[in-house]
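Quick notes on the structure that follows.
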Protein chains: 2
Amino acid sequence: MPDQVIIAIDAMGGDFGPEVILPAAVRVLEKQDNVGIILVGDEAVLSAMAGQLNIDLAGAYAGRIEIQHASQIVEMHDEPALAIRKKKDSSMRVAINMVHEGRAQAVVSAGNTGALMGTAKFVLKTLPGIDRPAISTTIPSMTGHTHMLDLGANVDCSGENLYQFAIMGSVLAEAVDNVDRPRVGLLNIGSEAMKGNALVKEADALLADAPINYIGFVEGDDIYNGNVDVIVCDGFVGNVSLKTSEGVAKMISHFMKQEFTRNIYSKLAAMIAMPVLKAFRSRIDPRAYNGASMLGLSSIVIKSHGGADVFGFANAIKIAVLEVEKTVPQHIRARMESLLEKSL
Amino acid sequence: MPDQVIIAIDAMGGDFGPEVILPAAVRVLEKQDNVGIILVGDEAVLSAMAGQLNIDLAGAYAGRIEIQHASQIVEMHDEPALAIRKKKDSSMRVAINMVHEGRAQAVVSAGNTGALMGTAKFVLKTLPGIDRPAISTTIPSMTGHTHMLDLGANVDCSGENLYQFAIMGSVLAEAVDNVDRPRVGLLNIGSEAMKGNALVKEADALLADAPINYIGFVEGDDIYNGNVDVIVCDGFVGNVSLKTSEGVAKMISHFMKQEFTRNIYSKLAAMIAMPVLKAFRSRIDPRAYNGASMLGLSSIVIKSHGGADVFGFANAIKIAVLEVEKTVPQHIRARMESLLEKSL
């Protein structure tokens, strides 16, 4: 498949497995001519599911989609170490291997996050100058979107870790958004220099000299107000912040639904306002942001939410394709190498 | 003023000072017969503002409201140590002194959070068994509300600190909500015991034996879904989580406004849906939750948001009154003393 972007997909991962992943793959193939997909998983299961969904793998997308057999599955509760040692023929591991062997340029999985990160680190290795990879995602904001990292890969971080996350986030935003000198902020609890815990103070001191557009401390509400392009934090804070956001959004939807179904009048109002409410809902649709990047690895690894539907999983594949096209790991490698040279 | 609940108010604090605080005090006096208020601040300024707002302090509320002169003001950028040493006649300090002297049962301030906490600790002292006070607030949830602490008083915590926060939060929820054995959760990034940073693992081990209804780890979305009554975290995480929530809510409002003003049709829909939208908005009105408790001090100290309006500041006063009526510090003291006895 020359000139194509080849994505290896862990077709057995996530809450729904091939039932969601196959239609999502087809959806991407339909829309993007330059994409080829390798579905990794149990050949019999995948073929049967393709039949059941009336997807003709040898038909319309011949030459652009194929199945790579893998006999094992990493379960959601498997420890990363166990997945690495005991499940060498899992759909997740084989998909990662395909990237390592150059047969694909990126891997997408909705499986166990810890096992995916652990296996990817073990097989693909981290880039020079990166001590720990970080999980980064795109979050909607009032003016567009914000990149945020780390979202849970590293719960106990050093200032140096956050420094590396900031560099990676800056390179990512430059590459995928075509932004020059993206604004990078460090998540803190006040913009005054005196506030903050020991970790952010240490990271702030390091970032003052970083060759990026570091704008200093930002606060939780800056994730959403468009004041910053990249927000850096440790994985514990990032994960809490993201889950908190989901909770607020769900509660607001819940209250809105309650009010619009309270009585005859409000139901009528809901009917009339339906097109507006739909347009509104599509703007905060979390599925449109599904797909987190494991940055700092030698190749592209995208984690889909386990509960993603077809629309959501297709979005994760599209993010993988975009990062291949924009050569994100190569850019991070180049930046880290130039930093390492300077420090010699 | 016998049988009354007397609240000392730092009348010079916050972004708007007496212009907001005087009408808020009057609003509470109108609605709650048993409340008396001492306005602490510059006598000339307060009298002039009362005149300007047509508030007759000697009239309708005679005997229930008075002015206590204080010549200084703590500024928003003042360091706590400076406020304590150099501003002994500030409205904040004098209001706290009145509680210390037994002339009022609680203090409310919209001023500098660090100075308020520092001065309150210095004058009122912490309760036995409490190493550090924590800031707690009430947050709306799908089924009612959740108490969350700490929200920023302690950015670097130990497991023992979180343990004490959990006890205080449990006692607070029991007292003000009349709930028996409120569910107390520890904020983490996954409910599996293996996840989490060093701090939450340490706190979790301590809480396993705590004489409260400790339900284990909860996640960011549990703040809003009604699964838990009290959420415990360090001040850094709590503050980020709260600010993040504000950011999401503001973005959602912004998008909703944009969609409902996009064209003639959507504007018409907005007009028809207005009563429903208003009812919805009142359910997530942050002003209705204004007023954070500094728990762990010997007396009640309530911090209002600096930018609170009359409705919001009045709510902070009402929280102070409720905590006096429910004798919150006495309950925390009793619980801590019984814990200390057991550990001897």
*Taking 1 over the mean of 1/r across every pair of different Cα atoms in segment B:51-136, what Kirkwood radius in Å do you get?*
14.4 Å
*Post the alpha-carbon centroid distance, segment A:130-175 to segment B:1-75, in whole angstrom.*
48 Å
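Report, as an integer, the average count of C-beta atoms from other chains found within 10 Å of each Cβ along A:220-230. Mind showing how you got there, number by number?
Details: counts 10, 11, 3, 6, 11, 5, 2, 0, 0, 0, 0.
Counting Cβ atoms of other protein chains within 10 Å of each residue's Cβ and averaging gives 4.
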_What number do you get for segment A:1-101 when its Cα radius of gyration is normalised by 2.2 N^0.38 Å, N = residues?_
1.07
*Net +/- balance of residues flanking B:Asn178 in space, Cβ distance below 13 Å, scoring K and R +1, D and E -1*: -3
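Determine the sum of side-chain charges near B:Gly17: Lys and Arg each +1, Asp and Glu each -1, restricted to other residues whose C-beta is under 10 angstrom from that of B:Gly17. Let's see the in-between values first.
On the way: positive: none; negative: B:Asp10, B:Asp15, B:Glu19, B:Asp42.
The answer is -4.
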_For a protection proxy built on the mean count of beta-carbon atoms within 10 angstrom, sort B:50-62, A:326-338 highest first, please._
A:326-338, B:50-62
*With θ set to phi - 60°, apply the Karplus curve 6.51 cos²θ - 1.76 cosθ + 1.60 along segment B:32-42 and write out the HN-Hα couplings as whole Hz, x wherever there is a Gly or Pro.*
10, 4, 8, 9, x, 10, 10, 8, 9, x, 5
*Along the three principal axes, how long is segment A:159-217 when you take its alpha carbons, biggest first, rounded to the nearest angstrom?*
34, 20, 16
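Just how large is the dipole of the protein assembly as shown about the Cα centre, in debye to the nearest 20, putting +1 at every Lys and Arg Cβ and -1 at every Asp and Glu Cβ?
On the way: 62 positive and 78 negative charges, 203 e Å.
I would put it at about 980 debye.
What does the charge count near B:Gly247 come to, summing +1 for each Lys or Arg and -1 for each Asp or Glu among other residues with Cβ under 10 Å from its Cβ? Before the final figure, lay out the partial values.
Values: positive: B:Lys243, B:Lys250; negative: A:Glu219, A:Asp221, A:Asp222, B:Glu246.
Taking every Cβ under 10 Å from that of B:Gly247, the sum is -2.
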*Quick one: which residues, 5+ away or cross-chain, put their amide H under 5 Å from the amide H of A:Phe16? H built at 1.01 Å from N.*
none
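What ranking, highest mean first, results for peptides A:93-100, A:237-244 when packing means the other Cβ atoms within 10 Å averaged over each residue?
Values: A:93-100: 23.5, A:237-244: 26.4.
Put in order of decreasing packing, that is A:237-244, A:93-100.
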*Work out how far the C-alpha atoms of segment B:137-286 reach from end to end along every principal axis, then list the three figures in whole Å, largest first.*
61, 32, 28
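Over all pairs of distinct alpha carbons, what does the Kirkwood formula give as the hydrodynamic radius of segment B:214-344, in Å? Could the numbers behind the result be given before it?
Values: mean 1/r = 0.0548 Å⁻¹.
Roughly 18.2 Å, rounded to one decimal.
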_Pairs of Lys in segment A:131-286 closer than 28 Å at Cα, counting only those 8 or more apart or on different chains_ = 9
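What number, in percent, do you get for the relative contact order of segment A:131-286 if the mean sequence gap of Cα pairs under 8 Å and at least 6 apart is divided by its residue count?
Numbers: 245 pairs, mean separation 45.0, N = 156.
Relative contact order, segment A:131-286: 29 percent.
For chain A, what is the Kirkwood estimate of the hydrodynamic radius, computed as the reciprocal of the mean inverse distance between distinct Cα atoms, to one decimal in Å? Working shown, then result.
Working: mean 1/r = 0.0474 Å⁻¹.
This gives a value of 21.1 Å.
Rounded to the nearest 500, what is chain B's calculated 222 nm mean residue ellipticity when only DSSP H runs of at least 4 contribute -39500 (n - 2.57) each, over all residues?
Values: 12 runs with 164 residues, N = 344.
Counting only the DSSP helices, I get -15500 deg cm²/dmol.
Could you work out the mean count of beta carbons from other protein chains within 10 Å of each residue's beta carbon in A:258-269? Working shown, then result.
On the way: counts 4, 10, 5, 1, 4, 1, 0, 4, 6, 1, 3, 9.
The mean count of partner-chain Cβ atoms within 10 Å per residue comes to 4.
Sorted by packing (mean other beta-carbon atoms within 10 Å per residue), highest first, where do B:111-121, A:180-190 land?
Details: B:111-121: 24.4, A:180-190: 21.5.
Output ranking for B:111-121, A:180-190: B:111-121, A:180-190.
Averaged across the residues of B:142-155, what count of C-beta atoms belonging to other chains lies within 10 Å of each residue's C-beta?
Working: counts 6, 2, 0, 0, 1, 0, 0, 0, 0, 1, 3, 0, 1, 10.
Mean shielding count: 2.
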*Rg and Dmax [Cα atoms of the protein assembly as shown; Å; Rg one decimal, Dmax integer]*: 27.9, 90
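Bear in mind that the values in this text are calculations on the coordinates, not laboratory data. Model, not experiment: these values are computed from the prediction. Because the Cβ atoms are built from the backbone with ideal geometry, glycine has one as well, and the counts that use them run over all protein chains shown.
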